[in-house]
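Student: Supplied in structure tokens, the structure appears directly below.
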Ligand code: ACO
């Protein structure tokens, strides 16, 4: 999808990693946030359109309130954004092949879209692999997929030989290789640092998130990756004109990124500010009527 060079400059690398923090308006950087908003909303809308979804899953407004991570791939030379990939941790209740229920908290692929002009050219694979490395996911079978389309299922079969799963009432796909059937009944498989050994440090905080299909704001526990704050990360900061094009990108080099400790207080403070802002605007709309 074509964008002006000015808008594309808001994306610092061939693949940029965006979180809610990047959308917080900072004095002097307003145009950057606005340009990011334009890209996210346009790509989110296009993704929903090609998937024939009633509602748009990825919008700036929803994303700002989430702890999701959005990977955006651009082609600066051709002044286009090639695709987006959104991931986030969710608590899910899923059934194994024996009909036993399990509570799991996997990293979920929530939205994946490569522009129609670029599909079947390997961009999706590059974007996906980049995400796997950055999220420290050793194998995609450890992920959950929110109602994957036929194209995405074909993609997962072709590259990762993932095919078989038990249909779930919530439409998430957990492949057999995840090993649900090997877990004890009603097991709680949490995405803790002990079972995601190689992942960056995560903080568990209660928050709300939008569900792909219902769009209802439901409480979930999420983990907040330190990488969200690591603006010194080479991926986040490589805005130099010498950045390699997607085809030249050395994606494996991402694994060498070191994550510094997350300034959790900033995040918590930001959430408080948002809650206060919402409360203030609610009161200015409705006054102090206790019924509302
Ligand atoms: N029909 C069938 N399979 C397809 C198609 C298609 N039109 N397009 C891609 N694929 C699969 C095939 O396995 C294909 O391999 P093949 O060409 O040998 O058959 C493989 O993907 C190609 O791999 P890439 O080129 O790396 O993938 P691409 O850049 O096309 O990105 C993606 C894959 C994201 C699924 C893209 O096709 C797309 O955006 N599709 C429309 C939106 C969509 O369905 N997104 C997934 C929604 S579900 C979710 O987000 C959780």
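Student: Looking only at the range 25-54, how many residues end up being under 17 Å from the mean Cα position of the chain (by Cα) and over 17 Å from residue 83 (Cα atoms)?
Tutor: Residues of the range 25-54 under 17 Å from the mean Cα position of the chain (by Cα): 36-37, 39-48.
Imposing the further condition that a residue be over 17 Å from residue 83 (Cα atoms) reduces the set to none.
Total meeting the criteria: 0.
Student: Residues that are over 22 Å from residue 148 (Cα atoms): find the strands (runs of 3 or more DSSP E) completely inside the range 33-101 holding 1 or more of those.
Tutor: Working: elements: 69-75, 80-89, 92-95.
Of the strands (runs of 3 or more DSSP E) lying wholly inside the range 33-101, those with at least 1 residues that are over 22 Å from residue 148 (Cα atoms) span 69-75, 80-89.
Student: So which of 166, 173, 114 ends up being touching a strand residue (DSSP E or B) at 6+ places or on another chain (Cβ under 8 Å) and closer than 20 Å to residue 15 by Cα? Give the steps one after another, and end with the answer.
Tutor: On the way: 166 fails: closer than 20 Å to residue 15 by Cα; 173 fails: closer than 20 Å to residue 15 by Cα.
So the residue among 166, 173, 114 that is touching a strand residue (DSSP E or B) at 6+ places or on another chain (Cβ under 8 Å) and closer than 20 Å to residue 15 by Cα is 114.
Student: Under the condition of being within 17 Å of the chain's Cα centre (by Cα) and under 14 Å from residue 1 (Cβ atoms), which residue from the range 75-122 is farthest from the ligand (Cβ to nearest atom)?
Tutor: Ranking the candidates gives 81 first.
Student: Quick check: anything in the range 89-112 over 22 Å from residue 164 (Cα atoms) and free of Cβ contacts under 8 Å to residues at least 60 places away in the same chain?
Tutor: no
Student: For the range 97-148, give me the residue count where each residue is under 16 Å from residue 81 (Cβ atoms), surrounded by fewer than 18 Cβ atoms within 10 Å (Cβ to Cβ) and touching a helix residue (DSSP H, G or I) at 6+ places or on another chain (Cβ under 9 Å).
Tutor: Number satisfying all stated conditions: 2.
Student: Can you tell me which residue is farthest from the ligand (Cβ to nearest atom) among those in the range 128-142 that are touching a residue at least 12 places away in the same chain (Cβ under 8 Å) and under 12 Å from the mean Cα position of the chain (by Cα)? Reasoning before the result, please.
Tutor: As a first pass, look at the range 128-142 and keep what is touching a residue at least 12 places away in the same chain (Cβ under 8 Å): 128-131, 133-142.
So of that shortlist, the ones also under 12 Å from the mean Cα position of the chain (by Cα) come out as 128, 131, 134-135.
Details: 128: 7, 131: 12, 134: 17, 135: 15 Å.
Result: 134.
Student: Another one. Name the residues in the range 152-177 that are surrounded by fewer than 15 Cβ atoms within 10 Å (Cβ to Cβ) and within 11 Å of the ligand (Cβ to nearest atom), would you?
Tutor: Of everything in the range 152-177, those that are surrounded by fewer than 15 Cβ atoms within 10 Å (Cβ to Cβ) and within 11 Å of the ligand (Cβ to nearest atom) turn out to be 154, 157, 158, 159, 171.
Read-outs throughout are calculated quantities, based only on the coordinates presented, and are distinct from any laboratory measurement. Bear in mind that the values here come from a model prediction, so they are computed numbers and not experimental data. Neighbour counts run over all protein chains shown; Cβ positions are idealised from the backbone, glycine included.
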